[in-house]
Amino acid sequence: MIHFDTNALVALPLWAQQGHPAISRVLAGEAAAVSAVVWYEFLAGPLAPDEVALARAFLQGRILPITEDDAELAARLFNATGRKRGLKTDALIAAAALRAGAEFITLNTADFAPFVDQGLRLVVV
């Protein structure tokens, strides 16, 4: 499974045109998913209506809720990576991917790099 970050969802139309490797993996049968936090950020836009429809079709309903376990793991990640204010939401997004056992794809690898030592598997774009 691959969890997508907000910016990766925004890039979907371009990636689909270019035959991006992440798109190819999903077309080959690997599941794509996002956390509800990522979905919220994505919908906050700005987006064209067709971008939302494309993302919904791509994800096939795998917009995953944030659970109590995610919240607890996110707090541990946040504390383990220095308690930087800018990492709060990213820790929650990373926790959801970790709990799912998924790889994580983002265009902001520097933002999520602090979580690699905690087990996050970043897909290099």
Does V125 meet the test of being more than 11 Å from the chain's Cα centre (by Cα), within 19 Å of N7 (Cβ to Cβ) and part of a loop (DSSP other than H, G, I, E, B)? yes
Would a scan of region 90-107 turn up a residue that is buried (at least 21 other Cβ atoms within 10 Å of the Cβ) and among the acidic types (D, E)? yes
Tell me, please, whether a residue that is free of Cβ contacts under 8 Å to residues at least 60 places away in the same chain and farther than 23 Å from A22 by Cβ can be found in region 102-113. no
Among the residues of region 24-46, are any surrounded by 19 or more Cβ atoms within 10 Å (Cβ to Cβ) and in contact (Cβ under 8 Å) with a residue 60 or more places away in the chain? yes
Among the helices (runs of 4 or more DSSP H) confined wholly to region 1-68, which include 2 or more residues that are closer than 18 Å to A102 by Cα and not basic (K, R)? 6-10, 21-27, 36-43, 49-59
Say whether the condition of being loosely packed, with under 14 Cβ neighbours inside 10 Å, at pLDDT 95 or above and among the basic types (K, R) is met by at least one residue in region 69-86. yes
Subset of region 9-23 (residues that are among the aliphatic types (A, V, I, L, M) and either exposed (fewer than 12 other Cβ atoms within 10 Å of the Cβ) or in contact with a strand residue (DSSP E or B) (Cβ under 7 Å, 6 or more places away or on another chain) (or both)): L9, L14, A22
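The values are calculated or read from the model by the stated rules, or taken from the named source; none is laboratory data. The shown structure was predicted, so the numbers you read here are calculated from the model rather than taken from an experiment. So basically every Cβ, Gly included, is an ideal-geometry build from the backbone, and we count neighbours across all protein chains shown.
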